[in-house]
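Right, one structure below, let's go through it.
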Amino acid sequence: MVESGTPVQRSDVDREIRAWLDAGADATPLCALDATTARRVMAQAFATWWGPVTMLPTVANLAVPTPEGDVPVRLYRPRDGVLPAIVYFHGGGWVIGDVDTHDGLCRQLSYDAQAVVVSVDYRRAPEHPFPAAVDDCAAAASWVLSNAAQLEIEPSRVSVAGDSAGGNLAAVTSQRLLADGRRIASQALAYPVTDSDLDTGSYRRCGEGFGLTAADMRWYFDQYAPPGVDRSHPELSPLRSADLSGLPPTYIATCELDPLRDEGLAYAERLRAAAVRVVADDRMGMVHGYLCLRAVTPAADELRAKIVGFLTQTWQ
């Protein structure tokens, strides 16, 4: 385990992940691309990283009406009947990623959990900066709760989940739902962005050479929270929320070799201090983003199983 202040060695990285990093060593950094090009590059990469997808009996593209226009969502159903649900928010720094990049993951989550998954195609930056994504995600989660009967979903067994920026949006959506008096069963956050501080110990240790870089994160924040946006706002930096009490049971996965590790662990500690039940899972040898690397490492399946196990336990 890499402790704060300890230099990171290449040998600390999981073997399969190390090979994946080496294969992409000459790729142009995302932060050197414009948003449109970055989206195209990453869409091609995600399909390779995931591999074959699981077939489900129902996959439907729907729309959530909001005052600012419809929010597209993709609904996955593994079987008939009234089922629990996961409202899923994809990662990608609020800039790249969409329901297609995370299609394989959401299909597998639906199958493994035997739950409806509603994947939210929220508005992305820079075209739609903060708080557009938050508004879309909160509206989609509220829509699922309000339309549970029509969607054949058990309203007491609805959870939110997301990876990276999607973990940020899941955390913020949970906070907003609580403030609105809406209850959800649980939340699962995979290596989430919880703060706008880009100078933590894990940023200094792992900010270059392990996939996601500190420069990438600066680029993401510049798109999502341009000048004029208060980056300390709790709906951008949920770690800075004044009161986290009353939030649902939470699973947080962090990665030993991830710039975001420290803020994820700090969020877990804040939740514990607020008497929220938390499972904090610090994954050794892992780097940011590996939940979607199913064709690269078996650790992706292991993390997904942990998430599914936690969520299904909270639905009992």
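The values are calculated or read from the model by the stated rules, or taken from the named source; none is laboratory data. The shown structure was predicted, so the numbers you read here are calculated from the model rather than taken from an experiment. Please note: Cβ atoms are built from the backbone with ideal geometry, for glycine as well, and neighbour counts cover all protein chains shown. We work out accessible area using only protein heavy atoms, side chains counted, and drop any ligands, DNA or RNA first. Shrake-Rupley method; radii C 1.70, N 1.55, O 1.52, S 1.80 Å.
Can you tally the net charge around L291? Count Lys and Arg as +1, Asp and Glu as -1, for every other residue whose Cβ sits under 11 Å from the Cβ of L291.
Here the count lands on +1.
At 1.4 Å probe radius, can you tell me the per residue accessible area of the stretch 214-311 in Å²?
Accessible area per residue: 34 Å².
Dipole magnitude of the stretch 109-261 about its Cα centre, charges +1 at Lys/Arg Cβ and -1 at Asp/Glu Cβ only, in debye to the nearest 20?
It comes to approximately 220 debye.
Counting Lys +1, Arg +1, Asp -1, Glu -1, what net charge surrounds T173 among other residues with beta carbon under 15 Å of its beta carbon?
-2
Quote the relative contact order of the stretch 229-308 in percent (integer), defining contacts as alpha-carbon pairs under 8 Å separated by 6+ residues. Show your work: numbers first, answer last.
Working: 100 pairs, mean separation 22.2, N = 80.
Once normalised by length, the contact order is 28 percent.
What dipole magnitude, in Debye to the nearest 20, does the chain give about its Cα centre under +1 on Lys/Arg Cβ and -1 on Asp/Glu Cβ?
560
Applying a 10 Å radius around every beta-carbon, put 84-91, 278-285 in order of their mean neighbour count, most first.
Listed from highest to lowest mean packing, they are 84-91, 278-285.
In terms of modelled amide H atoms, which long-range or inter-chain residues lie less than 5 Å from the amide H of V64?
Amide H neighbours of V64, under 5 Å, 5+ apart: V71, V73.
Roughly how big is the stretch 37-112's charge dipole about its Cα centre, with Cβ charges of +1 (Lys, Arg) and -1 (Asp, Glu), in debye to the nearest 20?
160
Name the residue from G181, Q114, Y251 whose Cα lies farthest towards the positive end of the charge dipole of the chain, charges +1 on Cβ of Lys and Arg and -1 on Cβ of Asp and Glu.
Value computed over the given set: Q114.
Using Cα pairs under 8 angstrom and six or more residues apart, how large is the relative contact order of the chain, in percent? Mind showing how you got there, number by number?
Values: 649 pairs, mean separation 62.6, N = 316.
Dividing the mean separation by the residue count of the chain yields 20 percent.
Quick one: which residues, 5 or more positions from L83 or on another chain, have an amide H under 5 Å from its amide H? H modelled 1.01 Å from N in the peptide plane, none for Pro or chain starts.
Under 5 Å from the amide H of L83: I153, E154.
What does the C-alpha gyration tensor say about the overall shape of the stretch 51-106? Classify as rounded when a/c is under 1.5, otherwise prolate if a/b is larger than b/c, or oblate. Before the final figure, lay out each step's value.
Numbers: a/c = 2.16, a/b = 1.18, b/c = 1.83.
Note, shape of the stretch 51-106 comes out oblate.
Please work out how much length the chain gains when fully extended from A179 to Q44, using 0.36 nm per residue of separation minus the C-alpha to C-alpha distance, in nm with one decimal.
Gain in length upon complete extension: 44.7 nm.
What is the set of long-range amide H partners of T54 at a cut-off below 5 Å, with H atoms built 1.01 Å from backbone N?
Q108
Cα centroids of the stretch 259-316 and the stretch 124-184: how far apart, whole angstrom?
The stretch 259-316 and the stretch 124-184 have Cα centres spaced 19 Å from each other.
Can you give the % of DSSP beta bridges in the chain that are antiparallel, to the nearest 5?
Values: 11 of 37 bridges.
DSSP beta bridges in the chain are roughly 30 percent antiparallel.
Calculate what fraction, in whole %, of the accessible area of the chain sits on carbon and sulfur atoms when a 1.4 Å probe is rolled over the protein chains.
Result for the chain: 51 percent of the exposed heavy-atom area is carbon or sulfur.
Which of the following values of log10 I(q)/I(0) by the Debye sum over Cα atoms at q = 0.06, 0.08, 0.15, 0.16 Å⁻¹ was calculated from the structure shown: (1) -0.22, -0.37, -1.23, -1.40; (2) -0.23, -0.40, -1.17, -1.26; (3) -0.17, -0.31, -1.22, -1.42?
Computed from the coordinates, log10 I(q)/I(0) by the Debye sum over Cα atoms at q = 0.06, 0.08, 0.15, 0.16 Å⁻¹ corresponds to (3).
Go through L151, P126, Q223 and say which Cα lies farthest out towards the positive end of the charge dipole of the chain; charges sit on Cβ, +1 for Lys and Arg, -1 for Asp and Glu.
L151
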